[in-house]
Structures are given as structure tokens and as C-alpha cells.
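**Student:** For reference, the structure I am asking about is given below.
The values are calculated or read from the model by the stated rules, or taken from the named source; none is laboratory data. Here the structure is a predicted model, which means the values were calculated and not measured. No Cβ is skipped: glycine too gets one built from the backbone with ideal geometry, and neighbour counts run over all protein chains shown. Accessible surface is based on the protein model in full, side chains and every heavy atom, while ligands, DNA and RNA are left aside. Shrake-Rupley method; radii C 1.70, N 1.55, O 1.52, S 1.80 Å.
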Amino acid sequence: MTTNTFVFKNIQISYTHNLIDVNKPSLICLHGFLEHKHIFNFLFEDTYFNANNLISVDLLGHNESETIGY
């Protein structure tokens, strides 16, 4: 499990992923209101999901991601 960031509209967006393999299907995990990407950590620990690329994203203004407005 690796945490990285990317820039969107000059702000940092944080995401977590496992080892990405282009030959595997991808699952993108989006959290709900007032949550954050860490609620999906149990998926990264479950060997059932090793057959998939897992990506969990902190949405704008949540946890480690910055916000555009106030």
C-alpha cells in the first residue's frame, strides 16, 4: 500500500494504491461525506483483492487532500 499525491487545479489530491498492474482490473474506492480514504484500508489487507488494482482517493477537502474553496 503506497500513498501518493497528484495536482488538480493547483491543489494536492492524496490517494492510496497497491502495486499497479495494467493487466489487472482496477477498483477505485470513493468515500462518502465526512469520511476519508482510510476507511478502505481493510481491502488492501484482504488477499481476495490482490487480483485487482486498488485505488482509494481522498476527495477535495477531506483528510490529506486540499480544498479549492472554503
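**Student:** So, taking all protein chains as they sit and a 1.4 Å probe, how much accessible area belongs to E45, in Å² rounded to tens?
**Tutor:** 150 Å²
**Student:** Oh, and also: Translational diffusion coefficient, Stokes-Einstein: compute it for the chain using the Kirkwood radius over C-alpha pairs as Rh, at 20 °C and 1.002 mPa s, and state it as an integer in µm² s⁻¹.
**Tutor:** Rounded, D is 170 µm²/s.
**Student:** Round to a whole number: what % of the accessible area of the chain belongs to carbon and sulfur, probe 1.4 Å?
**Tutor:** 59 percent
**Student:** Now a separate question. Accessible area per residue of the chain at 1.4 Å probe, in Å²? Intermediate results must be reported in sequence, preceding the final value.
**Tutor:** Values: 4910 Å² over 70 residues.
Averaged over the residues of the chain, the accessible area is 70 Å².
**Student:** Given a cut-off of under 8 Å on Cα pairs at least six residues apart, what relative contact order in percent is computed for the stretch 1-67? The partial results should precede the final answer.
**Tutor:** Values: 116 pairs, mean separation 26.0, N = 67.
Rounded, it is 39 percent for the stretch 1-67.
**Student:** Treating the beta-carbon of each Lys and Arg as +1 and of each Asp and Glu as -1, no other charges, what is the dipole magnitude of the chain about its Cα centre, to the nearest 20 debye?
**Tutor:** 180 debye
**Student:** On to the next question. Roll a 1.4 Å probe over the protein heavy atoms and report the accessible area of H38 in Å², nearest 10.
**Tutor:** 70 Å²
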